[in-house]
Each structure stands twice: as C-alpha cells, then as structure tokens.
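Chemist: Okay, here's the structure, questions in a sec.
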C-alpha cells in the first residue's frame, strides 16, 4: 500500500466532506425563510430577536456568499458549530459522546450477522439447486427486505410481554451500586476492563434486541451474496483446472472458491455497515430508548436544532467515508492482484 | 498393448435451462495406447475441447453424456453416469489453454503445488517444494523466481509453464493438453515438445494433444484424429495423414496451411462450421464438402483403409479415390 | 424495423421469458395486488375518511380496538380503522417509490452518461458530485431539508432523490465508460456524427437495461428508506396515510395495541419483497452463466 494512495484518498475524502458542508449551508441559505431564524433554532419569547441577531452575525449574512461559505466551512472544520439548541452544549463533543453507543450497537449487530450470513451462504452454495438451498435463500431474501424498525418493534414487544425490560443502554442503579464508570465509552469493553460481570451482562442483554434488529438486513444480504459469489466461483477455470489436477474437495471449497468470494463479501459488508448506521439511528432511541446518535437525530428534529443537524450531517458523512475507505483498504489487503 | 483411454460411441452435449440439449460430440470412438501421443485437431467448436474435458474429468455440470469412456479399464463415463474417483490428478492430468485464468489468483505458485501434491500424494510442505523445484526446472523456470509469486506477477509464458509443471507434477500417466503452446514462443514450444517426447519414452506417458496447429501436430503426434462438428472424420498415423489426407476436410485443412517460403495462394475453407445443436443424420461435412454426392445424405460409417480410419462415402470401395 | 421497435421487442421477449419463473410471478402478483389495493382504496376501504386521516366522532370509545369483524385490523389511537389507513398508505407508498425512482433514474442516467461521454473537466466535476452525494444517507439530507422547509411528503421525496440519483449516475457512468471506449463509438465520434445521436443510439441503448433492472430491485429499498424517514417523524406529519407514520403512532401504545405498528409493517415487508423478487428475476437474465442446471460436479 503506497503512501501516495492513502494521501490521495484522504485528500479526496476531505474534499467531499467540504462539499457536503457547503451543500448543507446552501440548503440553509436558499430555502424559504430567514436563515438566521433557522440557525437560531426558531426561538420564541422575549430573547428571540437577540438570538436571531446573534445568529445573523455568526453566519455573516450580510457578506457575499463565498465569504459566508468560507466562514461556515472553516468553523465546521474547526469543530466550532456553536452550542446545540436542544442541549445547550457544544455540538461536536456532544455528538462524539453519543457516537460510541451507536457504534457499539453496530459492531455487535455485525458480529452476529457476518459470520452467520457467510456460513449460511456457503452452506447453500454447496447445495445449489437443492431444497435447503431454496429455503435458505428464500429466508435470506425475506430478511433483506424486512423493515428494521418493524423487527425492532416486534422484538421489543416480545421482550416486554415476557416481562423483561430492556429499555435503555444500561441499568443505572446497578451500574452505580457496583461502582461502574465509563472509560472508553464502550460499555461492553469498560465493564470487562473493570471486571464487572454484572454490568457486562446487563449491557449485553440490552444490546441484543436492537443488535438483532439491525443485524437482520446484513444477514439477509450476506446469505444471498455469499451464495451467489461462491456458486460463480465454482464455475471458474481456476477451480476447474485444479480439480482436474486432483486437488481435494475441501481445499477447493475453502481456498479456491471461498477465497475468490471474499473481496466481494468485504465490499458489500462495508457498504451495508455504513447503511446500517442509519438503521441503528432510527431504531435505537425511538424503540429502545438508548442514548446515541438516534437520540440526537430525534431531538434535533423536535427542537429545530439546525446546528446539531449540521454536526450530525458532518459526522455521518465522515463515518461513511471512513468506512468506505477502510473497506477498500481491507479489500486490497486481501486480494493480491490489487496493489495500491 | 495397454489402452490408456478408450471411447465407445461417446456422445456429449450441454443442457440449457429449458432442458434442450446441444450436442458437441456426436458419437466418437477411439483408443489411445500407453506411451502414445494422440492429437485431436479441428476448428473451434468441433468438440475437441469437450472430449479433452471428458477425459480430464472436468465436464461442466450441465453436460449430458451417452456412450462409454474408459480410462485404463475404469469406466468413467457410462451413459449418463460419470465417476472419476481416483482418476483426477492421479491418473489423468490437464494442461489448460489459458493459464492466466487457470491458476488461483489468491495463492502463490508454491501453495498451488502444495494443494495438488498434498491431495494426490499426501506430501507435506517440504516434500512438495522439493518436487515443485524439480518440475519447474523441467520447464526451464527458475524456482526462486516463481514459487513465492502470485500468478499475476508472472508473464504469460511463465504462467503457462508453471501450469504445465504443476500438471506434470501430479505424476499422472495420461495428460490432456488443450492448446498448450499458444502462449509460448517458438523456442519454448520446441522445448515443450521435446519434453513431452521424453516423457512418453521414459515414463510411458500418454499425451492427448488438442490443437488447431496442424504443423506441430504432424511433427510430434503418433496418431492424429481430425474432428469436425462432433465427429471424427479421419484418424491415422501422424505425418502420413497430413501428406496423404483422405477425407475432403483433412485435405482442405492441409491446403490451408501457409508454408514458409513456398509461394502459394492463401486458401481458406469456405463456409462456416455447423452450429452446435441437434441431431444430424447426414454427413456432418456435407454442406462444406466440395465433392459431396447423393450418398452423403446419411452419415458415412468408419472405414478402415490400411492403417487409416476415414468417414467418407468416397472410400466405399477400398482403394478407390 | 427501427431501433426503438427492436428494443421494445427485445424487452417484451425478456419479460415473457420471466413468466416461466415462480419468483417473477410471485413478485409481480404482489406488486399488482398492492397497486390495485392502492388504486381502489377509496372504494374498498370500509372507512375511507378515516383512511385519509380524519378522526371519527366517537373516537374515544373506538380507540385502540383489537381486530374485530368491523375493523379487520383493529383501530388506531384515535379510533380510526386501521385497515382503511393501511389501504390508503399503499397509495402513499407507491407514489413515493415512483416519483423517487423515476426522477433519480432520469437525473442519474443523464449525468452518468454525460460524465462518461464528455471527458475532461466535465467528467471530473460530475464524478466529484456523484461521489459526494453517494456518501450522504438520505435521512440526513431529509433532516436538513425538514429543518429548513418544514414537514411534508416532499421532504422525504427530495431527500431520497438527492441521494439516489448519484447511485444510478455511478452505475451508468461505469457501464457507459466501457461502451464509450468501444470502437464503434470512437468511430462514430470521429466521423463527426451528431453527439446526441451517438449517445442515444450506442451508449444509452447498452447502459439503460442493467440500470433499469437495478432500479426495479431498488424500489423495495426506496420504500423502506422512505418509510423509516417517516417513522422517525422527519417527513409527513402524523395522521397522514403513510405506513411509516402509522407505525410511529402505534409506538407509544405498542404493548396495549401492537396491531397498529405490526400490520403496516407486514405490508411493507410484502411490498418490498415483491419488488425484490421481480428485480432478482430480471437480473438473472443479465448473467447467463448462472442459469444452467447445476450440481456439485466434483
């Protein structure tokens, strides 16, 4: 992997983030209504006009457009978006603190979905045309089309009916009484580091239903994708000819067909990981009451918090770009033909 | 004489998703002895590669078969049934036409040797590398410049030679080679031919060479079979077949070969080979044959003239031309 | 016969071929049923005004009733018949899908082909824009739009279009790139043929089919994305006939009236599945190798 590539890639990503920030700003400016009002969060009450004037100054609405854009982008890049209207705290640190919760959820969901999806995909590829194959693929197709929030609600329902409340991220009373305190922000890790088994189990249990809900989509996709890629690989020359040379069946399956399928699997997994962030955001707060980016999204909406929205847009965009870049890099590492 | 390969009225077709069968090989019978170099020549689409695949045991899964194919007395094809257990690699090996796509892009050459040798002989890594070095040397490849590399890091010629050396390393006594010299230069081509001859003489290797290069075939082969549209139209001893062709198609093939230094008009064979398809009861060459007559409405049987096998009505009366 | 006719005939043949496949028939049946339900909803719905969102008179008494002979799906939090709401929601769903997909497809194809055809600066600029919008999820754009403009269906639609066009543009661009390199296109350009004619005749003809198939498969995903944007409250206001919003309304009372959220979800799943099946069936046509009968042959 050349430094050249990494540099070019990072530069390109920065350029794109730049473009997204500009685009968001343009939405703010050119939509009907007074941008200052929106930036101030549609304030009401006695101090409203002050807030609006402050917002107008902040944006520099009297300056020419390119200056406004430059100022805005500069501020965002420096992490200076101002205080969230909903939370009265600086936006970006707020977002970072909530990011871990959502990430934790995503990772657990994918830890479940990826190995299971690949395994079922291989299983059905080897039995292509059989009943099990059709069954597994049908299940995969259904899973890939399930609305995540519907599954989430269903799971929540099931757990509530059985009397288990899995609302929220952690049982605060339990945490306090056992002396748990967050270190990295990833509660699973933190509880392990502190050797706090009770909290670990508590956090894990609360993670499972949302993780399962988020895992449904990638599971379905991978079941189908792995099977397709494997079945295709088994038709290739580099599988047929080694078979003619007498290579054992298990070697052919695992080191020839499967290895050929991995790059595709990695690429799609990465793509869907980015997509699942949104899934997770939609589901985690509204259904499961967890604090995370979804929580912020919800509040940004309800408090007309444009600052928070800009922060979210930027962070989510960066997340997408990082995930895509990492996916490409991992793919390149795995495929000897690609030398970056 | 021990027979390495024997085909009895072998037919091979391909089935599409609508259950229609396209016949590529319409009933061929031939024999290959031990220690013999047997060439199958013909235009593209005549079925020669299919026969090669059948012997090597890599017919695709949508292939349908009828007739019988024996490899050293083992019936590998028995009408619709196929059974290649113990054959692939151990008894029959394969040299592919396109080495670039036939080597695993995700493994080094050393690994690929190991996969083959551990599967066929149970060698461990060390023994496998030893063997690999020996066979790479046979094809004039420097092991240190090849073993640790991935296929795409080698040139086309090196890839082909690497594939050949893996094929030989199986120690199989029958090798099916599908246009093995296409990516080799003249020198390497000659080396390869010499190597094949040596193997034939030393380890009694049977080589089934599939090619459209008549000239090389004539130089190296003990027996040549000329195929057209899924049938063997003529079969006979190497160079004789080319100097004294009997079947009209063979004649046209020979005429079409440009000879260096000899000024003669470039002749091509008019018409197109028939599309791979359904059953044909008439002589497969009829449409393009310059000397077809009424009898050609039925496919001619195989006639033996001295040591030659010909499928043409013109030879009904032995010795007639 | 001219080229348009040839295209339509070719397409008709392909479509007819699909009818042999169970998958396609199932998918098509689903989509057709949903479409008919949507179109006929004013007639079929037992309580059409409630379907549109109006609150009935004895709302409190009728609220949150479980499925019963009068209300087959039960009633929602305001006493409205759920079945009627779901029926009208089908109409919303189809409108969302059609507008988003058709618009993004058109914009995407035009931009993708232009990027491939007119090299140089145009290509770089368009490519940049494509990559930019591909990297933003629709929901985030919808959030910004919502805060800037206010609630409404167009927030969802605009947000989705802004993201999806880039997806099609990218696919088209990749396909068109290889077509543009082909000899016959290069020759046509050199011989001074009118650019638009070349683009249409050669480039578009070959790039549209695979993109179209992709679009059909995507319709399910578009529906799911649109609904989730509404589920979080970013799009249409409450009480609208839209599946996502109905499910949102049912969330606070999920334990006492689960049907409110569950039933629209089932419809969502089935509709998305229908499009997915059709798309899968069409996609098989593009890849002939996978069609043959198969068994593990070694």
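The numbers here are math on the coordinates, done by the rules we state, and not lab data. Just so you know, these numbers come straight off a predicted model, no measurement behind them. Every residue, glycine as well, gets a Cβ built from its backbone with ideal geometry; the counts of neighbours run over all protein chains shown.
Chemist: By per-residue mean of other Cβ atoms within 10 Å, what is the highest-first order of A:96-108, B:139-151?
Modeler: Ranking, from highest mean packing down: A:96-108, B:139-151.
Chemist: I need the semi-axes of the equivalent ellipsoid of segment A:92-334: take the C-alpha gyration tensor, multiply each eigenvalue by 5, square-root it, list largest first in whole angstrom.
Modeler: 38, 20, 18
Chemist: Taking Cα atoms, how many degrees apart are the long axis of helix B:156-169 and the longest axis of chain B, rounded to 10 and kept between 0 and 90?
Modeler: Once rounded, the angle reads 80 degrees.
Chemist: Return a whole-number percent for the relative contact order of chain C, with Cα pairs under 8 Å and 6 or more residues apart as the contact set. Before the final figure, lay out each step's value.
Modeler: Details: 440 pairs, mean separation 68.7, N = 298.
That works out to 23 percent.
Chemist: With all pairs of different alpha carbon atoms counted, what Kirkwood hydrodynamic radius in Å does chain B show?
Modeler: Here the Kirkwood hydrodynamic radius works out to 20.7 Å.
Chemist: Within the protein assembly as shown, what percent of beta bridges assigned by DSSP are antiparallel, to the nearest 5?
Modeler: Expressed as a percentage, antiparallel bridges in the protein assembly as shown total about 65.
Chemist: Then there's this: Considering the alpha-carbon set of segment A:3-80 alone, what are its Rg and its Dmax in angstrom?
Modeler: 15.6, 56
Chemist: Which whole number gives the average count of other chain Cβ atoms within 10 Å of the Cβ atoms across peptide B:102-110?
Modeler: 6
Chemist: By how many degrees, between 0 and 90 and to the nearest 10, does the Cα long axis of helix A:148-161 differ from the longest principal axis of chain A?
Modeler: 90 degrees
Chemist: Which FRET efficiency value, to the nearest 0.05, is calculated for residue A:47 and residue A:172 with the Förster distance at 35 angstrom and r the Cβ-Cβ distance?
Modeler: Step by step, r from the Cβ atoms, then E = 0.55.
Chemist: Next question. Sort out for me the Cα centre separation of segment A:69-132 from segment B:230-258, rounded to whole Å.
Modeler: First find each Cα centre; the distance between them is then 69 Å.
Chemist: Working from Cα positions, state the angle (0 to 90°, nearest 10) between the long axis of helix B:109-120 and the longest principal axis of chain B.
Modeler: 70 degrees
Chemist: I've got another one for you. Test of understanding: ordering C:191, B:182 by Cβ neighbours within 10 Å, fewest first, what list do you get? Spell out each step's value before the answer.
Modeler: Numbers: C:191 8, B:182 15.
So the ranking, lowest neighbour count to highest, is C:191, B:182.
Chemist: At 222 nm, what helix-only mean residue ellipticity would the protein assembly as shown give, in deg cm²/dmol to the nearest 500, using -39500 (n - 2.57) for each DSSP H run of four or more?
Modeler: -19000 deg cm²/dmol
Chemist: Within a 10 angstrom radius of each residue's Cβ in C:123-136, how many Cβ atoms of other chains show up on average? Whole number is fine.
Modeler: Counting other chains' Cβ atoms within 10 Å and averaging over C:123-136 gives 4.
Chemist: How big is segment C:1-109 by Rg and Dmax over its Cα atoms, in Å?
Modeler: Spelled out, the Cα radius of gyration and Dmax of segment C:1-109 are 19.9, 67 Å.
Chemist: Rank these for me by crowding, C:282, A:326, going from fewest to most other beta carbons within 10 Å.
Modeler: Final ranking by Cβ density, sparse to dense: A:326, C:282.
Chemist: Using only Cα atoms, locate the centre of segment B:132-183 and the centre of segment A:231-269, then give the distance between them in Å, rounded to an integer.
Modeler: 20 Å
Chemist: Still on this structure, please answer the following. What is the Cα centroid distance between segment C:246-290 and segment A:169-206, reported in whole angstrom?
Modeler: Here the two parts' Cα centres lie 36 Å apart.
Chemist: Continuing with the same structure: Taking a ≥ b ≥ c as the square roots of the eigenvalues of the Cα gyration tensor of the protein assembly as shown, is the shape rounded (a/c under 1.5), prolate (a/b larger than b/c) or oblate?
Modeler: Working: a/c = 2.23, a/b = 2.08, b/c = 1.07.
Prolate is the answer for the protein assembly as shown, as a/c is 1.5 or above and a/b outweighs b/c.
Chemist: Sticking with this one: In which sequence would C:228, B:35, A:49 go, from the one with the fewest C-beta neighbours within 10 Å to the one with the most?
Modeler: By the 10 Å Cβ count, ascending: A:49, B:35, C:228.
Chemist: Now, a different point. Taking 8 Å as the Cα distance limit and 6 or more residues as the minimum spacing, I'd like the relative contact order of chain A as a percentage. Don't skip to the answer; put the middle values down first.
Modeler: Numbers: 391 pairs, mean separation 89.7, N = 340.
Answer for chain A is 26 percent.
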